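The structure under discussion appears below in the form of structure tokens.
No value in this document is a laboratory result; all are computed from the given coordinates. Just so it is clear, the structure is predicted and the values come from calculations on it, not from any experiment. Please note: Cβ atoms are built from the backbone with ideal geometry, for glycine as well, and neighbour counts cover all protein chains shown.
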Amino acid sequence: MNNPSAKHQSNHIKKIVIVGGGTAGWLAANHLAKKVNKPNGIEVCLIESKNIPTIGVGEGTVPAMRESLRYLGIDEGEFVKQCDVTFKQSIKFVDWTHDPTQKGSHYYHHLFDYPFIQEFNPTPYWLRDKTTPFANNVAIQAQICDSGLAPKRITHPQFQGATAYAYHLDAAKFSAMLTRHAVDNLGVEHIKTDVTQVNLAQNGDIKSVTTSDYGEIEADVFIDCTGFSSLLMGQALNIPFVDKSDVLFADHALAIQVPYDSADTPIASHTISTAKEAGWIWDIGLFERRGIGHVYSSSHTTHERAEQILRDYIGHQHKDLEARKIKMQVGYREKAWHKNCVALGLSQGFVEPLEATGLLVFDATARMLAEQFPHQKDGIEQVAARFNFRIRNTWDRVIDFIKLHYCISKRRDSDFWIDNTNPNSIPDSLRENLAFWRLNIPSEYDFHSKLEIFNLENYLYVLYGMEFDTDISAQSYRFNQQQQYQSWLSQLNRHAEQTMSQLPAHRELIKKIKLHGLQAI
């Protein structure tokens, strides 16, 4: 006689094994354990190599990380103390719009505060006048950043502030904190050993992984967080990589950790991204050091020239600091979920670190997986199909947004910038949007999916920060509230002055948090 109960039990997913640690692996472990371990009794195990260092470059996040930390139950004050954290309110883009040797150095802010455009939209008036930076017409945060102020006061509860914010962090220390939280608070099993072989079942699933110290480890579902090597999804299951280097040319990075000149050096509360002849330089201020790196296209410059540009930026006093070279694979796996294996982190996909896309997508897709995770094996196929559709769309939209920064630039001082404006290198979806926005101001109707990574506010800041020209001269109806526009600007300036008078310097706030922590919500 058949035993329905036994059949049901054999169909139940009992164990998930994550292969690979680092930020992506431990974000996955935390999200999965939070959602499926204690509530549903699914065991979560992470296997981490003792010998393979993590890439660990990603030091910038976006505001979604704030929500993830709160959701996972991580104390914000302890996070600041343990991970060399500072606050991030914007990305300041320097010299992206014009050749600085011709028009001088310039910048714009991609802010984290939503632009104030709901009740009254000042955008058409700004397009007509363009006398001040776009960001200053729709928000107060650019002034806060330029004044070196923090986004909150010590009296603000955890995860709350006067403005929207994210974090700069030490990636290695963040991984260590995520490890402790997952193991100590969420019941994740942590095994330190090397995976030497991936073993497949007859139906093509991954049956087990062979390890150097613990023999064979079986599971119902495997998560591939093995980085660019993609040990499970790429090597064992042969899922092809969709190369996007014909769209985004930057394929290498050089990174250097730079000490501050003094213990009281001011810390920018934004990432600084400075365009160069064949790429750009990131400059991120942590509490104890700066993380500085040069992202560049090896097809448009030499590694030696790229390093010289980076060292010129850092200054001669730091000439002895070691630069770490990282080769980047630009693109994504054809499928992020195949059979009983899911790729997350670098094994799933990667584009250059502009706009902090790495940690952003790693966190978003890990949470998506946890929220959608099936509890029965026969539910995997349907969930996987939807997951793959969403993930591929996510990467395509991320690539559109990153390409936007290059293809609308007016720089023509090198082949790198000239090639980036070649229509053949611009995805059709982006090209169509740009053609539409030449005659129409972007609106929420252009961003119809709730799961978009970059939305209206992101595009507005970049398009008009880079002086994109939307011709609305024929739309006279937009200019019937001139008096309200002037009143709006006055109101915005008063709001900026009042808020700035209440905010501390960025370094001052971090010092206080390290001493006193932050009050719970």
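Considering only DSSP beta bridges where both residues belong to the chain, give the percentage that are antiparallel (nearest 5).
Numbers: 51 of 71 bridges.
Antiparallel: roughly 70 percent of the beta bridges in the chain.
Calculate the FRET efficiency for Ser490 and Thr155 from the Cβ-Cβ distance with a Förster distance of 30 Å, rounded to the nearest 0.05. Mind dumping the intermediate values first?
Numbers: r = 29 Å, r/R0 = 0.95.
With R0 = 30 Å, the Cβ-Cβ based efficiency is 0.55.
Under a point-charge model restricted to the Cβ atoms of Lys and Arg (+1) and Asp and Glu (-1), what is the dipole moment magnitude of the chain relative to its Cα centre, in debye to the nearest 20?
Values: 53 positive and 60 negative charges, 166 e Å.
Roughly 800 debye, rounded to the nearest 20.
What is the local net charge at Asp419, summed over the other residues whose Cβ is closer than 13 Å to its Cβ (Lys, Arg +1; Asp, Glu -1)? Can you show the working numbers first?
Working: positive: Lys403, Arg411, Arg412; negative: Asp246, Glu277, Asp413, Asp415.
It works out to a net charge of -1.
Please work out the Kirkwood hydrodynamic radius for the chain, using every pair of different C-alpha atoms, and report it in angstroms with one decimal place.
Values: mean 1/r = 0.0410 Å⁻¹.
With all distinct Cα pairs of the chain included, I get 24.4 Å.
How much net charge surrounds Leu231 when only other residues with a Cβ under 12 Å from its Cβ are counted (Lys, Arg +1; Asp, Glu -1)? Walk me through the numbers before you get to the answer.
Values: positive: none; negative: Asp194, Asp224.
Net charge around Leu231: -2.
Grab the DSSP H runs of the chain that are 4 residues or longer, score each as -39,500 (n - 2.57), total them, divide by all residues and round the 222 nm result to the nearest 500 deg cm²/dmol.
On the way: 17 runs with 185 residues, N = 521.
Computed mean residue ellipticity for the chain: -10500 deg cm²/dmol.
Using the structure shown, select from Lys130/Lys319; Lys81/Lys325; Lys92/Lys511; Lys244/Lys276 the pairs with a Cα to Cα distance greater than 32 angstrom. Don't skip to the answer; put the middle values down first.
Details: Lys130/Lys319 41 Å; Lys81/Lys325 29 Å; Lys92/Lys511 24 Å; Lys244/Lys276 21 Å.
Check vs 32 Å cut-off fails for Lys130/Lys319.
Starting from the amide H of Asp194, placed 1.01 Å from N in the peptide plane, find each other amide H under 5 Å away whose residue is 5 or more places distant or on another chain.
It is Lys50, Ser212, Asp213, by chain and number.
Cα to Cα, under 23 Å, and not fewer than 8 places away if on the same chain: which lysines meet these conditions relative to Lys15?
Of all the lysines, those that pass the test against Lys15 - Cα under 23 Å, at least 8 places apart if same chain - are Lys7, Lys34, Lys35, Lys38, Lys50, Lys192, Lys207, Lys335, Lys339, Lys377.
Can you compute log10 of I(q)/I(0) for the stretch 92-244 with the Debye formula, treating each Cα as one identical point scatterer, at q = 0.21 Å⁻¹?
-1.39
Can you give the Rg to Rh ratio of the stretch 338-384, both from alpha-carbon atoms, with Rh computed by the Kirkwood formula? Intermediate results must be reported in sequence, preceding the final value.
Working: Rg = 12.5 Å, Rh = 11.8 Å.
Checking Rg against Rh, the ratio lands at 1.06.
Roughly how many nanometres apart are two label points built 7 Å out from the Cα toward the Cβ at Glu432 and Ile191?
About 4.7 nm, to one decimal.
Can you give the angle from 0 to 90° between the axis of helix 22-32 and the longest principal axis of the chain, with both taken from C-alpha atoms, to the nearest 10?
Tilt relative to the chain: about 70 degrees.
Picking from Leu509, Gln317, Val361, whose Cα lies most toward the positive end of the charge dipole for the chain (charges on Cβ: Lys, Arg +1; Asp, Glu -1)?
Leu509
Please give the net charge around Thr210, taking every other residue with its beta carbon less than 11 angstrom from that of Thr210, where Lys and Arg add +1 and Asp and Glu add -1.
Details: positive: Lys207; negative: Asp194, Asp213, Glu216, Glu218.
Value of the local net charge: -3.
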